[in-house]
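Enquirer: Quick one: the structure is below, and I'll ask about it shortly.
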């Protein structure tokens, strides 16, 4: 019986699910999906337990716990020198991906166009299409995955409703520069274009590079939804909690969608985070902590035939294999999982047309022992 017409007829199971399931079946080390295998802060888990015991188990405000939003506004002021109204501009969400979806659903009407850079996090295009809009795809310039701003300018027209940016970038680890921000500003000024800025890897940025958050630029924030993830910051991806920052007018519309989809997020976690945010070192030291893992993994990978494509942020680093195999990247990823016991993600999965540049993505947000074992397996 055919009861519905699919809104996403061309969407199947994500590559992350496929590769993670294959990793389980093959007892492989999973360097594909982006999650840490080391312990998160015991202080933070203790704070969640305390919140539960103290009775913080019922609904908090739809917009998020007031104290948590106040602490986030304080953090934004310290990091980005921007004064944010915690009541009018911040909404706590069940994860960064939810925040992105809600932003798209808030702003898009059928027939609108959204500029998307590929390779792209896999939720963007379905989010756009399910809202009746059209993704306008622009490939980042290989191999450094920089933004071709001239192409962006050429694609902008009266139907262009928004552009989505992501820095640090998933899957490549590329980061935007101040020049990129200036190019973005020149494109959106004197237009009605909105910006969605995916900044879930905000603190996972390396090599003394300054994170070019939209929150640094009040003129751009006026037309932006900026999306964040506590899970990526505090090594608790399974908690699925994040937040969105926007201008008061845009946030008012965002909350109209949010209230009927989620209403209220995990309460004891919010109480805990409100307290834990006072520990500034927990996020300011994160970049150097994760850079050590990246550099450790780089050193190990020099023993292999893979060629580095440098990452400057995120959980991930990409490696080219074109010098030793003609296989397409999905075939190689599956073979490595089955024959070597190491799971990766093929970068073609982040392109709508499956562009294959012979590149695999590795997650280095793991214990050193895990990384050593994985590379040892690749060398066998």
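The values are calculated or read from the model by the stated rules, or taken from the named source; none is laboratory data. All figures in this text were calculated on a predicted structure; none of them were measured in a lab. No Cβ is skipped: glycine too gets one built from the backbone with ideal geometry, and neighbour counts run over all protein chains shown.
Enquirer: Restricting attention to region 164-173, does a residue exist that is over 30 Å from residue 292 (Cβ atoms) and not in a loop (DSSP other than H, G, I, E, B)?
Expert: So in region 164-173, the residues over 30 Å from residue 292 (Cβ atoms) come out as 164.
When the remaining residues are screened for being not in a loop (DSSP other than H, G, I, E, B), the result is 164.
Yes; the residues of region 164-173 include at least one that is over 30 Å from residue 292 (Cβ atoms) and not in a loop (DSSP other than H, G, I, E, B).
Enquirer: Residue check: is residue 15 closer than 21 Å to residue 279 by Cα and touching a strand residue (DSSP E or B) at 6+ places or on another chain (Cβ under 9 Å)? Step through it out loud before you land on a result.
Expert: Working: closer than 21 Å to residue 279 by Cα: no; touching a strand residue (DSSP E or B) at 6+ places or on another chain (Cβ under 9 Å): yes.
No, not satisfied.
Enquirer: Of the residues 317, 327, only one is in contact with a helix residue (DSSP H, G or I) (Cβ under 8 Å, 6 or more places away or on another chain), at pLDDT 95 or above and buried (at least 18 other Cβ atoms within 10 Å of the Cβ); which?
Expert: The conditions single out 317.
Enquirer: So how many residues does region 274-333 have that are without any contact (Cβ under 8 Å) to a residue 24 or more places away in the chain, over 25 Å from residue 15 (Cα atoms) and in contact with a strand residue (DSSP E or B) (Cβ under 9 Å, 6 or more places away or on another chain)?
Expert: Of the residues in region 274-333, 1 are without any contact (Cβ under 8 Å) to a residue 24 or more places away in the chain, over 25 Å from residue 15 (Cα atoms) and in contact with a strand residue (DSSP E or B) (Cβ under 9 Å, 6 or more places away or on another chain).
Each row is one residue, and each column tells you yes or no for (1) touching a residue at least 60 places away in the same chain (Cβ under 8 Å); (2) touching a helix residue (DSSP H, G or I) at 6+ places or on another chain (Cβ under 7 Å).
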site: 5; (1), (2): no, no
site: 10; (1), (2): no, no
site: 18; (1), (2): no, no
site: 23; (1), (2): yes, yes
site: 29; (1), (2): yes, yes
site: 33; (1), (2): yes, yes
site: 36; (1), (2): yes, no
site: 56; (1), (2): yes, yes
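Enquirer: Might you check whether a residue that is crowded, with 21+ Cβ neighbours inside 10 Å, part of a helix (DSSP H, G or I) and on the phi < 0 side of the Ramachandran plot occurs anywhere in region 111-121?
Expert: Within region 111-121, none of the residues are crowded, with 21+ Cβ neighbours inside 10 Å, part of a helix (DSSP H, G or I) and on the phi < 0 side of the Ramachandran plot.
Enquirer: Moving on to the next point. Hey, among 88, 103, which residue is in the same structural domain as residue 160 (by TED's automatic domain parsing), in contact with a strand residue (DSSP E or B) (Cβ under 6 Å, 6 or more places away or on another chain), touching a residue at least 60 places away in the same chain (Cβ under 8 Å) and assigned to a helix (DSSP H, G or I)?
Expert: Working: 88 fails: in contact with a strand residue (DSSP E or B) (Cβ under 6 Å, 6 or more places away or on another chain).
When all the criteria are applied, what remains is 103.
Enquirer: Still on this model: Working carefully through the options 190, 157, find the one that is modelled with pLDDT under 95, over 22 Å from the mean Cα position of the chain (by Cα) and assigned to a loop (DSSP other than H, G, I, E, B).
Expert: Only one candidate passes the filter, namely 190.
Enquirer: Just one of (1) at pLDDT 95 or above; (2) within 23 Å of the chain's Cα centre (by Cα); (3) loosely packed, with under 15 Cβ neighbours inside 10 Å; (4) part of a loop (DSSP other than H, G, I, E, B) trips up residue 263, so point out which.
Expert: (1) is the only condition that residue 263 fails.
Enquirer: Now a separate question. Among the residues in region 208-217, are any without any contact (Cβ under 8 Å) to a residue 24 or more places away in the chain, part of a loop (DSSP other than H, G, I, E, B) and at positive phi?
Expert: yes
Enquirer: Here's another thing I want to ask about it. Scan region 43-80 residue by residue and report those that are part of a loop (DSSP other than H, G, I, E, B) and closer than 23 Å to residue 194 by Cβ.
Expert: 62, 63, 64, listed by residue number.
Enquirer: Only one of (1) under 21 Å from the mean Cα position of the chain (by Cα); (2) at pLDDT below 95; (3) within 28 Å of residue 260 (Cα to Cα) is not met by residue 16, so which one is it?
Expert: (3)
Enquirer: Here is a further query. Looking for whichever is buried (at least 20 other Cβ atoms within 10 Å of the Cβ), closer than 22 Å to residue 202 by Cβ and in the same structural domain as residue 271 (by TED's automatic domain parsing) here; the options are 81, 63. Which one fits?
Expert: One residue alone meets the criteria, 63.
Enquirer: Here's another thing I want to ask about it. Among the candidates 135, 126, single out the residue that is closer than 16 Å to residue 10 by Cβ, in contact with a strand residue (DSSP E or B) (Cβ under 8 Å, 6 or more places away or on another chain) and assigned by TED's automatic domain parsing to the domain that holds residue 180. Spell out how you get there, then give the answer.
Expert: On the way: 126 fails: in contact with a strand residue (DSSP E or B) (Cβ under 8 Å, 6 or more places away or on another chain).
Of the residues listed, the single one that is closer than 16 Å to residue 10 by Cβ, in contact with a strand residue (DSSP E or B) (Cβ under 8 Å, 6 or more places away or on another chain) and assigned by TED's automatic domain parsing to the domain that holds residue 180 is 135.
Enquirer: Filter region 223-238 down to residues that are farther than 30 Å from residue 249 by Cβ and outside any loop (DSSP other than H, G, I, E, B), then give me how many there are. Before you say what the answer is, go through the steps one by one.
Expert: Looking only at region 223-238, we keep the residues that are farther than 30 Å from residue 249 by Cβ, and these are 234-238.
Retained after the next criterion (residues that are outside any loop (DSSP other than H, G, I, E, B)): 237-238.
Residues in region 223-238 being farther than 30 Å from residue 249 by Cβ and outside any loop (DSSP other than H, G, I, E, B): 2 in total.
Enquirer: Look through 131, 127, 82 and report the one residue that is within 21 Å of residue 212 (Cα to Cα), modelled with pLDDT of 95 or more and in contact with a helix residue (DSSP H, G or I) (Cβ under 6 Å, 6 or more places away or on another chain).
Expert: Criteria check complete, one pass: 82.
Enquirer: Let me spell it out: the conditions are (1) farther than 30 Å from residue 344 by Cβ; (2) surrounded by 15 or more Cβ atoms within 10 Å (Cβ to Cβ); (3) out of contact with any helix residue (DSSP H, G or I) (no Cβ under 9 Å at 6 or more places or on another chain), and residue 48 meets all of them except one. Which number is the exception?
Expert: All conditions are met except number (3).
Enquirer: A follow-up question, please. I'd like the residue in region 349-380 that is out of contact with any helix residue (DSSP H, G or I) (no Cβ under 9 Å at 6 or more places or on another chain) and under 22 Å from residue 11 (Cα atoms) and, out of all such residues, is surrounded by the fewest Cβ atoms within 10 Å (Cβ to Cβ).
Expert: Only one residue fits best here, namely 353.
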